[in-house]
């Protein structure tokens, strides 16, 4: 048996995934009611863990060091899937990325005006 959310393989049938909390019984009922035949897209475990952390770190760095690269990386990583318990980190990193992008833009405009005046 393989978890549809995190991809962990179990030897015997279980009702709830021990890693991510995916409820197999509830998923079967929902699939039956909605007549879903296709399994959800599987993303590797490391991506589900790493992307929200990278988003948060790059977003935080973009606030501290206003460079466009960190903001863009934070926004890019925020668009990838994440484990449910790490979504707040991803969302906060995305907000930090947008704020860092704005701060970087203000610095560039400030330096352009001071340089050309």
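Please find, within region 19-38, the residue that is modelled with the lowest pLDDT out of those that are assigned to a loop (DSSP other than H, G, I, E, B) and surrounded by 10 or more Cβ atoms within 10 Å (Cβ to Cβ). Break it down stepwise before answering.
Restricting attention to region 19-38, the residues satisfying the condition of being assigned to a loop (DSSP other than H, G, I, E, B) are 19-22, 35-38.
Among the residues that remain, those that are also surrounded by 10 or more Cβ atoms within 10 Å (Cβ to Cβ) are: 19-22, 36.
Numbers: 19: 80, 20: 81, 21: 81, 22: 82, 36: 57.
Per the stated criteria, the residue is 36.
Scan region 78-87 and tell me whether some residue there is closer than 30 Å to residue 9 by Cβ, at pLDDT 85 or above and in contact with a helix residue (DSSP H, G or I) (Cβ under 7 Å, 6 or more places away or on another chain).
Within region 78-87, one or more residues are closer than 30 Å to residue 9 by Cβ, at pLDDT 85 or above and in contact with a helix residue (DSSP H, G or I) (Cβ under 7 Å, 6 or more places away or on another chain).
Hey, can you tell me all the residues within region 3-18 that are assigned to a loop (DSSP other than H, G, I, E, B) and surrounded by 12 or more Cβ atoms within 10 Å (Cβ to Cβ)?
Passing the criteria: 3, 4, 5, 6, 7, 8, 10, 14, 17.
Can you pull out the residues in region 65-84 that are free of Cβ contacts under 8 Å to residues at least 12 places away in the same chain and either on the phi > 0 side of the Ramachandran plot or in a helix (DSSP H, G or I) (or both)?
Matches in region 65-84: 69, 76.
The values are calculated or read from the model by the stated rules, or taken from the named source; none is laboratory data. What you see is a predicted model; the values in this text were computed from it and never measured. So basically every Cβ, Gly included, is an ideal-geometry build from the backbone, and we count neighbours across all protein chains shown.
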